[in-house]
Amino acid sequence: MTFHRWVREEKRGRKKYPVGRPGKSVVLRELILKIARETGFGYTRILGELRKLGISRICRQTVKNIVKEAGIEPSPKRSTGTWDQFLKTHSETLWACDFFTKRTVTPRGLVDLYVLVFMHLETREVFVTPSTRSPDSA
């Protein structure tokens, strides 16, 4: 379109229509942003949640564009807290375990004993299972 044509059309009062597809509804945008803020889900997971709700006429890129336009960081950058904070928060329900072998001298010679150890992270209490020479037998 030339400049003169643009000026002519402006004088005639022609209505200009927006270019491209119409945007997604405000309700859908608000739902996507609510999920992103409250859950910390990434674009694909948000899309999955929308599909569970029966909203299928949307793609991952649209979800990404809506979240970016709102100024919300991508999900890895949105995560709050450190690994140390996670461990402190969940320490009452977390257990560590280790399965190891120990070579021991017996009257029959060297024997490998298998040991399974559990430790409760909050109390630091250790539970040791009886050692065995054959860990695959009941």
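Quick note: the coordinates plus some simple rules give every number you see, no bench work behind them. Source: prediction; values computed, not measured. In this analysis, Cβ positions are derived from the backbone assuming ideal geometry, glycine residues included, and neighbour counts consider all displayed protein chains.
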Compute the acute angle (0 to 90°) between the alpha-carbon long axis of helix 43-52 and the principal axis of greatest extent of the alpha-carbon atoms of the chain; round to the nearest 10°.
-> 80
With +1 on each Lys and Arg Cβ and -1 on each Asp and Glu Cβ, how big is the dipole of the range 3-78 about its Cα centre, in debye rounded to the nearest 20?
-> 440
Qualifying aspartates and glutamates (Cα of each under 14 Å from Cα of LYS52; at least 8 residues distant if same chain) = none
In the range 6-40, the trypsin sites (Lys or Arg not before Pro) that sit in a DSSP loop and have at most 11 other Cβ atoms within 10 Å of their own Cβ are ARG14, LYS15, LYS16
Mind checking which aspartates and glutamates have their C-alpha under 20 Å from LYS102, skipping anything on the same chain fewer than 8 residues away?
-> ASP112, ASP136
Angle, helix 26-39 long axis vs. longest principal axis of the chain, Cα atoms, 0 to 90°, nearest 10?
-> 20
Ignoring the sites themselves, what is the longest stretch of the chain with no GluC sites (Glu not before Pro) in a DSSP loop and at most 12 other beta-carbon atoms within 10 Å?
-> 1-91
List the residues whose amide H sits under 5 Å from the amide H of LEU113, counting only those 5 or more places along or on another chain, with H placed 1.01 Å from N in the peptide plane.
-> LYS102, ARG103, THR104
Could you give the size of the charge dipole of the range 81-138 about its Cα centre, using +1 on the Cβ of each K and R and -1 on the Cβ of each D and E, expressed in debye and rounded to the nearest 20?
-> 360
Label-point separation (nm) for THR44 and PHE3, each offset 7 Å from Cα along Cα-to-Cβ?
-> 5.0
Counting other Cβ atoms within 10 Å of each Cβ, which chymotrypsin sites (Phe, Trp or Tyr not before Pro) in the range 89-138 have at most 11 and sit in a DSSP loop?
-> none
Estimated 222 nm signal from helices in the chain, with DSSP H stretches of n ≥ 4 weighted -39500 (n - 2.57), rounded to 500 | -11500 deg cm²/dmol
Quarter of the surface of the C-alpha convex hull for the chain, i.e. direction-averaged projected area in nm², equals 18.0
Along the dipole axis of the chain (charges at Cβ: +1 for Lys and Arg, -1 for Asp and Glu; origin at the Cα centre), the most positive-end residue among PRO107, THR93, GLY20 is GLY20
So how strong a dipole does the chain carry about its Cα centre when Lys and Arg Cβ are +1 and Asp and Glu Cβ are -1, to the nearest 20 debye?
-> 1700
Please report the base-10 log of the normalised intensity I(q)/I(0) for the range 81-138, using a Debye sum with one equal scatterer per alpha carbon and no solvent, at each q in 0.17, 0.22, 0.23 (1/Å).
-> -0.67, -0.85, -0.89
